[in-house]
Each structure stands twice: as structure tokens, then as C-alpha cells.
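Let me begin by presenting the structure, written as C-alpha cells, before commenting on it.
The values are calculated or read from the model by the stated rules, or taken from the named source; none is laboratory data. Computed from a prediction, not measured in an experiment: that's the story for all the values here. Every residue, glycine as well, gets a Cβ built from its backbone with ideal geometry; the counts of neighbours run over all protein chains shown. What goes into the accessible areas is simple: the full protein's heavy atoms, side chains included, and nothing from ligands, DNA or RNA. Shrake-Rupley method; radii C 1.70, N 1.55, O 1.52, S 1.80 Å.
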Amino acid sequence: MGRGLPILLLPLALLAAQAQAEGGEKTEEVKIEVLHLPEVCSPKSKKGDLLNAHYDGFLASNGSKFYCSRTQNEGHPKWFVLGVGQVIKGLDIAMMNMCPGEKRKVVIPPSLAYGQQGYAQIKIPPNATLIFEIELYAVNKGPRSVEAFNQIDKDGDKKLSELEISQYLKEEFARDGKKRHPSVHNEILADIFKKNDHDGDGFISAKEYNVYQHDEL
């Protein structure tokens, strides 16, 4: 897994969704316990936001840890876009309406994780209920909302160049003032183009980039 990207990325999320579909499991709810809430809780995370967080994953059955973000990527927190399938469904749900500095403990049922299939590579057995302890550091306007698309599209041509997206990321990182490894910027940029430039023309059109199909550009 490339540095700067969470272990539970899109391929694993799709695997979990496939397992749920094949197994016909009933969708259950994510249980959320707020461990710490800052006095100033703003902004709150929403679909399409770019989040920066650390999280540890445990098996509910025996408490064993199967993942720790602090031991990956030289200890840098993970970046991902919320609500678009870059993490398992349960985490997308569990991290909605969080604010920077908030800590949560969440319990995710198998139907919102890896279902009947499990995931052997990170030692998640079939039908496993998962527990995550999450600490959220930053909530930025994600590069996949309509509002952000229009901000990035400096020349108004309804397509995004690598230079436009790169500049946008630099500006967002500068706003929160946190120090990051230089590789984080390049890896996020490469990941955005890999997942969105479907026709390989070096640009991301509004249709390719907009995760909100009902929004107008």
C-alpha cells in the first residue's frame, strides 16, 4: 500500500460491498461512542470532505489489533475523502459529523465491513465485527465536491489539469498549518488522477470528478 494512503482503500471497500451483496446480509447500524469532543466543534465532517485522521482497528471477538495507522507511513495520519468509498462503509458512516480534535470509538458490524468473506491479508475472519478508535485531526473541503471543483477550475473550462489540482492541495494544506511529508501531496495527486481520469487525457472533466451526480456545475 502506498504511503500516505489508508489501508482500507477503495479495492477493499469494494470487496466488502461484494461480500455483503453475495451473502445477502441484513444491514446493521454502526455504534458510535464519543470519547472526546473539543469545546469548539467546527467544521463538522460531511460527504466529500478531505479528512486527516489516525485510527486503530480491533477484532470485537478477542480484542486483537489488526491495524494501526501510527505504525504506517512513518506515523503520518491518513488522508481520505469521506463518503465516496475510499474506506469501508462502516467508517464512512462512523466519521460523519466529526470535528477536528474529536475522538470516537465505533463498532462496525460485518455487513458494513467485510461480511461473510472477511479479509485474510489483514487477518479479518468471516463475519467479523470490527472496533475502531479514531482521532480526527483536520476537516478540509474535499476535492470532489461541486464547490471545490469550481474553486479548482481557475480557467473555468469545466476540466481540471494536474497543475490546478496540485495548487488546490497546496492551498488546503497551508490553511491547516500542519507539517506533512512531501510525498503526501504527490501521492494524493496521483491517486486523484488514477481514480478519476477515466479517459486518460490528462484532465479530469466535471463528469469524471463529480461524485454528486445530482449536483449542477
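Summary of computed values
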read-out	value
Local electrostatic count, HIS36, Cβ distance below 9 Å [Lys/Arg +1, Asp/Glu -1]	0
Debye log10 I(q)/I(0) at q = 0.15, 0.17 Å⁻¹ for segment 84-140, Cα point scatterers	-0.47, -0.58
Within segment 60-183: Cβ-based charge dipole about Cα centre, in debye rounded to nearest 20 (Lys, Arg +1; Asp, Glu -1)	440 debye
Net charge of Cβ neighbours under 12 Å - reference PHE58; Lys, Arg +1; Asp, Glu -1	+1
Overall dimensions of segment 25-73 as given by Cα atoms, namely Rg and Dmax in Å	14.5, 39
ASP153 - accessible surface, heavy atoms, 1.4 Å probe, Å² rounded to 10	10 Å²
Net lengthening on full extension, TYR137/LYS47 (0.36 nm per residue, minus Cα-Cα)	30.7 nm
Trypsin sites (Lys or Arg not before Pro) restricted to DSSP loop in segment 66-130 with at most 15 other C-beta within 10 Å	LYS123
Theoretical gain in end-to-end length, GLU147 to LYS65 [0.36 nm per residue, Cα-Cα removed]	25.7 nm
Percent accessible area from carbon and sulfur atoms, segment 80-173, protein chains only, probe 1.4 Å	49 percent
